[in-house]
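Visitor: Sharing a structure, written as structure tokens. Questions coming.
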Amino acid sequence: MTDLRFATESDLPVLTALINRAFAVESFFKFSERLNPEQTRAYFESGQFLLSEKNGEIHGCVFVEIKADRGYFGLLAVDPAHQRTGLGARLVAAAEEYARERGALHMDMTIVNLREELPAYYEKLGYRACGTEDIPPEVIGPIKQRCHFIRYTKPLGKARE
């Protein structure tokens, strides 16, 4: 069993390395790693990273932010050695609960259209596609193929009393 906790700035090096390992599958359409330490640090200004940790090792993370009555999660990353264990779904559920407890009625997220394995995964978790949007260059960096985001959303309902 793993413990969940919020990341602190002291987690930045390990957090950045974890995200880049998990997102290495995107190398077929990107020239660079997903994040550098400065980009990871910038996420702390608008939201929180939830971490999954076992015996002092971080195995997964998810970024969550709240804007009015909507939550957003991104950068869901599970160390490749721990993928296909249910950890990703557990992190998504924790992000949803965090958002729900802060008054969010919906959770939003985006995926890159070239990641063809992801729609079925998120649809299984209750997310539905609701549109597309361009990817800002500062978010994805230099690319080898044209791509865009697919937006997904899920109603959350009210927080547990």
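Visitor: Points 7 angstrom from Cα along the Cβ direction at Val139 and Glu123: gap in nanometres?
Guide: For Val139 paired with Glu123, the spin-label model returns 2.2 nm.
Visitor: Separate question: Show me the ranking of peptides 13-19, 133-139, 85-91 by mean Cβ neighbours inside 10 Å, starting with the highest.
Guide: My ranking of the peptides, most packed first, is 13-19, 85-91, 133-139.
Visitor: Regarding the range 81-150, what whole-number volume in Å³ per residue does the convex hull of its Cα atoms give?
Guide: Hull volume normalised by residue count: 131 Å³.
Visitor: Something else now. Could you name the lysines whose alpha carbon sits less than 20 Å from that of Lys144, not counting residues in the same chain fewer than 8 places away?
Guide: Straight-distance partners of Lys144: Lys30.
Visitor: If you don't mind, another one. Separation of the range 62-107 and the range 119-145 by C-alpha centroid, Å?
Guide: Rounded to whole Å, the Cα centres lie 15 Å apart.
Visitor: Now for a different question. Sequence-distant or interchain residues sharing an amide H contact under 5 Å with His59, placed H: which?
Guide: Result for His59 returns Ser52, Glu53, Lys54.
Visitor: Rounded to the nearest 500, what is the chain's calculated 222 nm mean residue ellipticity when only DSSP H runs of at least 4 contribute -39500 (n - 2.57) each, over all residues?
Guide: -7500 deg cm²/dmol
Visitor: Ok, one more. What is the packing order of peptides 38-49, 116-127, taking the mean over residues of other C-beta atoms within 10 Å and listing the highest first? Could you put the intermediate results ahead of the total?
Guide: Values: 38-49: 15.8, 116-127: 13.6.
Ranked by mean Cβ neighbours within 10 Å, highest first: 38-49, 116-127.
Visitor: Let's test the formula: R0 of 22 Å, r as the Cβ-Cβ distance of Glu9 and Glu57. What FRET efficiency results, to the nearest 0.05?
Guide: Using R0 = 22 Å, I get an efficiency of 0.75.
Visitor: Over the chain, what is the relative contact order in percent, taking alpha-carbon pairs closer than 8 angstrom and at least six residues apart?
Guide: On the way: 284 pairs, mean separation 36.2, N = 161.
So the answer I get is 23 percent.
Visitor: I've got another one for you. What is the mean projected area of the alpha carbon convex hull for the range 1-124, to one decimal in square nanometres?
Guide: 7.8 nm²
Every number here is computed from the coordinates shown, using simple stated rules; none is lab data. Since we're looking at a predicted model, the values are computed, not measured. Backbone-built Cβ (ideal geometry, glycine too); neighbour counts: all protein chains shown.
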